[in-house]
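Student: Provided herewith is a single structure, encoded as C-alpha cells, for subsequent inquiry.
Every number in this text was worked out from the coordinates using simple rules, so none of it is lab data. Everything numeric in this text was worked out from a predicted model, so none of it was measured. Cβ placement follows ideal geometry from the backbone for every residue including glycine, while neighbour counts extend to all protein chains displayed.
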Amino acid sequence: MAPGGSIFKEVLESHLLSSDYETGKAKSEAKSNSTLTKSTSVGLNGKNGTSSKNGVHDLLGCPVCKNLMYPPIHQCPNGHTLCSNCKIEVHNLCPTCHHDLGNIRCLALEKVAESLELPCRYQSLGCNDIFPYYAKLKHEQNCGFRPYNCPYAGSECSVMGDIPTLVAHLKDEHKVDMHDGFTFNHRYVKTNPHEVENATWMLTVFNCYGRYFCLHFEAFQLGTAPVFMAFLRFMGDDNEAKKFSYSLEVGANGRKLIWQGIPRTIRDSHSKVRDSQDGLIIQRNQALYFSGGDKQELKLRITGRIWKED
Ligand SMILES: [Zn+2]
Ligand SMILES: [Zn+2]
Ligand SMILES: [Zn+2]
Ligand SMILES: [Zn+2]
C-alpha cells in the first residue's frame, strides 16, 4: 500500500482554466517549436573542445538559420555556403552576395563534416556520448537526456527540462494539484457545460512508484460531437511508460464507463494524445446524465488507479 492510499477518500475539485484553449494551445506549440530551434543554435555554440575544432564547427553553421548544416550543403558561385532548407527559403539567391545560387554542392565541407566527432548536444544534461557528425543528429532525436517540454496544457509555456525540473516548475509556476498515491477520486465541475467547446481543467500530477503522472481532463469537439476526455501521461520516456497501466471510471445512478489504458509519454504532445482518442471519452449528454440534476451543471466524479505491470 503506497503512502497515499488514503487519497481515495478525498474529493478534489478542478478549476476551469480557459475557454479559449485552442488558441492558447496553438500559440504554445508554435512557441515551443521556436524554443527547439533556439536550443539547436545554442548547441552549436556549446562546449566542443579545442578552438580549432570550434573554427570548423562554426563553418558548419548555416549563416541564415544558424543550425548545423547537413548534406546537401550548398554554395553560391562566390563560395558562400548555406543549408538546403534555407536555399529554398531565400528563393535561390545568396543571402550574402545576392548572386543566383544555382545548384552547387559544397562537397569539401560535407567531407570535413564527415571527419568530425562531436559530443551530444545534451552533454550538459548528462549524455557523455561522442558521435560522428552525421550520426549525431539522429542520436539527439532519441537521446534519453534530451529535455521534455512542459506537460501543462492550456497555457503558453515553452519551458523545457528534465523531470525533476518540470515537476518543480509545474508546482511553482502552474500551481498544479500534486498528489502522492496510486488511486484518485477527482471531481470535475463546470457550470454552463453547453458553452464549453475547447476547455481544459487544472492538471493533476500524481507521484507514485517513484514516478510522476499527469491526469488531463478537457472538453472538445470530436467531429460534430461535444465530448469530455480524461487521460494520463507519464513523465518519462515511452519505454518506461509502458511498464504502467491505469484505469479510469466515471458514472452515476448505477451506470459506469470504465477505461483501461497505458499512460502516454509526455514526449507525445498533449494534443497528439487527445487526437488519438487514447483515453476515457464521455459524450456530453452522457456526462450531463451522470451529473444528475437539471443538466445545467457538469459534475463528474472520476476515480482511477495506476499500477505497475510486472
Ligand atoms: Zn539554414
Ligand atoms: Zn554569395
Ligand atoms: Zn545524447
Ligand atoms: Zn510550464
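Student: Would you mind checking which residues have amide H under 5 Å from F244's amide H? H placed 1.01 Å from N; only 5 or more apart, or other chain.
Tutor: Distant-sequence amide H within range of F244: E309.
Student: Further question: Within 10 Å of each residue's Cβ, count the other Cβ atoms and sort S276, S271 from fewest upward. Show your work: numbers first, answer last.
Tutor: Details: S276 11, S271 15.
With the fewest neighbours first, S276, S271 line up as S276, S271.
Student: Right, next: Quick one: if you stick a label point 7 Å off each Cα along the C-beta vector at K272 and K242, how many nm between them?
Tutor: 1.5
Student: What full-extension length gain, to one decimal in nm, is calculated for V112 and C97 as 0.36 nm per residue of separation minus the Cα-Cα distance?
Tutor: Details: separation 15, 0.36 × 15 = 5.40 nm, distance 2.41 nm.
Stretched out fully, the V112 to C97 stretch lengthens by 3.0 nm.
Student: Report the calculated FRET efficiency for D162 and N78 (r = Cβ-Cβ distance, R0 = 45 Å), to the nearest 0.05.
Tutor: Values: r = 45 Å, r/R0 = 0.99.
With R0 = 45 Å, the Cβ-Cβ based efficiency is 0.50.
Student: Something else about it: Distance from the Cα centre of the range 79-144 to that of the range 258-286, in angstrom?
Tutor: Rounded to whole Å, the Cα centres lie 38 Å apart.
Student: Just to be sure I understand the curve: with the Debye formula and one point per C-alpha of the range 54-137, what is log10 I(q)/I(0) at q = 0.12, 0.14, 0.17, 0.24 Å⁻¹?
Tutor: Reported log10 I(q)/I(0), two decimals: -0.37, -0.49, -0.68, -1.12.
Student: Looking at the calculated P(r) for the range 84-205, what percent of the C-alpha pair distances fall above 24 Å?
Tutor: 61
Student: Here's a follow-up. Cα-Cα over 30 Å: which of K66/K171; K190/K308; K87/K111; K171/K243; K87/K138; K171/K299?
Tutor: Values: K66/K171 35 Å; K190/K308 33 Å; K87/K111 20 Å; K171/K243 25 Å; K87/K138 22 Å; K171/K299 26 Å.
Beyond 30 Å between Cα atoms: K66/K171; K190/K308.
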